[in-house]
Amino acid sequence: YFTPKPASAIKGIDIPVEHMMPQQRIDLIADLSESILEDPASALTSTRTEIATPSKSQSKKENDDSNVGGSDAPINEPQYHKTQSKMNKLLDLASLSTNGHDSHAARLALLSLLAIFQDILPAYRIRLPTEAEMSVRVSKETKKTWDYERKLLQSYQKYLQLLETTWEEGKFGHRSLLSAMLQDGEQKGTKQKKFQGGPPTTLAATAILSLSQLLQTCYNFNFRSNLLQIIVRQANHRSCEEVRSSCCQALAAMFSKDVQGEASLEAVRRMSKMIKERQQHSGGRRGGIIVRPELLNTWLSLPLRVHEDEAMAAKLAAQAKAKKAKKSQRDKEMADIEKEMKEGEATVDKMELATNQAEILHSITLTYFRVLKSVEDTFTEEGNS
């Protein structure tokens, strides 16, 4: 056991990232990652150190001499230097816009952050205290926990936003090449077809793979909807098999591990909605729904064990519970707290599981009928042509 280094003691942490040499960035990523894992709480907090000046002792002596006669001479205020938190520094290293456009360092930082968050994130959803709760007198430990959870959520949200931005900017290859081609076409005055771009950049592929890994391991944590919104859409990627395979594997893994069925229900609803929108977008044109079989095959990983009588009983119980919650706001708050406690204890509510599985089965059935209807219409058009 040893005391982790403070942020100010890490070599190069005060140097602007864009001014570093490539090897300096790599070394700093390694030092920051190790330090964050050793003490996550301190890594989320910026530090402030007093600036020591050569004339500080002399100024103090002069002030003491001037105060001998009782005069109120002003005392020099100490100056402080604020050091960026280790987590924010690592986030800067992972962004091309702040690290001097060093894609190799950005990739290493993204992967390091992935390993860090997979290690320090809890297996339950964090609920930040309300204003009423914060106004109540609580212990120092409770305040410390609230502060840590708030900073953890902020850092994780920044990481997710960075991953999404990185993917969007590089999913069609290098943006500079795409922009040049489009500008060249405009200058020639020719009518250009819609350009789909090339394969994703290495950095963009790293971002989508990191999002897939987070969905597999952190689906019970906050911002699950943000993960699903991206992963479900890219699980039906048209051109890149690696991206499509990674996203489908993440969904299948989540389906198999989700014991309560809440995350699975949200994912299935998003997938069904996407397929329905693609059907409407096709407008009955020849070819039907553009949906990859790998996307539908992920549903084979769902451990559906619900029976019709159980589903009906669960649905009636859920409706009765919802009506009761509407009558009393306090009952609703207690129900939310009870749900959070169950998530933290990893206990399974059999009634809720049955309800979720019944809804999942209903969505899947409707979607399969929609896909089959589209395929049937396609064959009918081919036979009449």
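Sorting Arg244, Arg137, Arg150 by accessible area (1.4 Å probe), largest first, what list results? Could the numbers behind the result be given before it?
On the way: Arg244 20, Arg137 230, Arg150 95 Å².
Correct descending sequence by accessible area is Arg137, Arg150, Arg244.
If you add up the charges near Gln161, with Lys and Arg at +1 and Asp and Glu at -1, over every other residue whose beta carbon is less than 13 angstrom from its beta carbon, what do you get? Don't skip to the answer; put the middle values down first.
Working: positive: Lys158; negative: Glu164, Glu168, Glu169.
Every neighbour counted, the sum reads -2.
With θ set to phi - 60° and the Karplus curve 6.51 cos²θ - 1.76 cosθ + 1.60, what are the ³J(HN,Hα) couplings of region 17-33 in order, to the nearest whole Hz, using x for Gly and Pro?
Karplus values, whole Hz, x for Gly and Pro: 4, 5, 8, 7, 7, x, 5, 5, 5, 5, 5, 5, 4, 5, 5, 5, 4.
Just to check I understand the Karplus step: with θ = phi - 60° and J = 6.51 cos²θ - 1.76 cosθ + 1.60, what whole-Hz values come out for region 147-161, glycine and proline as x?
Going residue by residue, I get 5, 5, 5, 5, 5, 5, 5, 4, 5, 5, 5, 4, 5, 5, 5 Hz, with x marking Gly and Pro.
What is the gain in length, in nm to one decimal, between Thr45 and Lys82 on full extension, counting 0.36 nm per residue of separation less the C-alpha to C-alpha distance?
12.2 nm
Modelled label-to-label distance, Val348 and Leu304, 7 Å Cα→beta-carbon offset: nm?
1.7 nm
Compute the signed sum of charges (Lys and Arg +1, Asp and Glu -1) over the other residues within less than 12 Å, Cβ to Cβ, of Ser363. Numbers along the way, then the final one.
On the way: positive: Arg269, Arg270, Lys273, Lys276, Arg370; negative: Glu266, Glu359.
So the surrounding residues net to +3.
What is the extension gain from Asp119 to Glu277, computed as 0.36 nm multiplied by their sequence separation minus the C-alpha to C-alpha distance, in nm to one decimal?
This chain segment gains 53.2 nm when fully extended.
Given the pairs Lys11/Lys144; Lys273/Lys373; Lys89/Lys158; Lys276/Lys373; Lys89/Lys171, which span a C-alpha to C-alpha distance of over 19 angstrom in this model?
Values: Lys11/Lys144 28 Å; Lys273/Lys373 16 Å; Lys89/Lys158 12 Å; Lys276/Lys373 12 Å; Lys89/Lys171 25 Å.
Result: Lys11/Lys144; Lys89/Lys171 exceed 19 Å.
Through the Karplus equation 6.51 cos²θ - 1.76 cosθ + 1.60, θ set to phi - 60°, convert the phi angles of region 120-130 into ³J(HN,Hα) values in whole Hz; use x for Gly and Pro.
Couplings: 9, 6, x, 8, 9, 7, 7, 10, 6, x, 7 Hz.
Which length gain, in nm to one decimal place, applies between Tyr368 and Glu131 when the Cα-Cα distance is subtracted from 0.36 nm times their residue separation? Intermediate results must be reported in sequence, preceding the final value.
Working: separation 237, 0.36 × 237 = 85.32 nm, distance 4.61 nm.
Using 0.36 nm per residue and subtracting the Cα-Cα distance, I get 80.7 nm.
Amide H of Thr83: which non-local residues (sequence gap of 5 or more, or other chain) have their own amide H closer than 5 Å, using H built in the peptide plane?
Thr47, Arg48, Thr49
The values are calculated or read from the model by the stated rules, or taken from the named source; none is laboratory data. The structure displayed is predicted, hence computed values, not measured ones. Ideal geometry is used to build each Cβ from the backbone, glycine not excepted, and the neighbour counts take in all protein chains shown. Side chains are part of the model used for accessible areas, which takes the heavy atoms of the whole protein and leaves out ligands, DNA and RNA. Shrake-Rupley method; radii C 1.70, N 1.55, O 1.52, S 1.80 Å.
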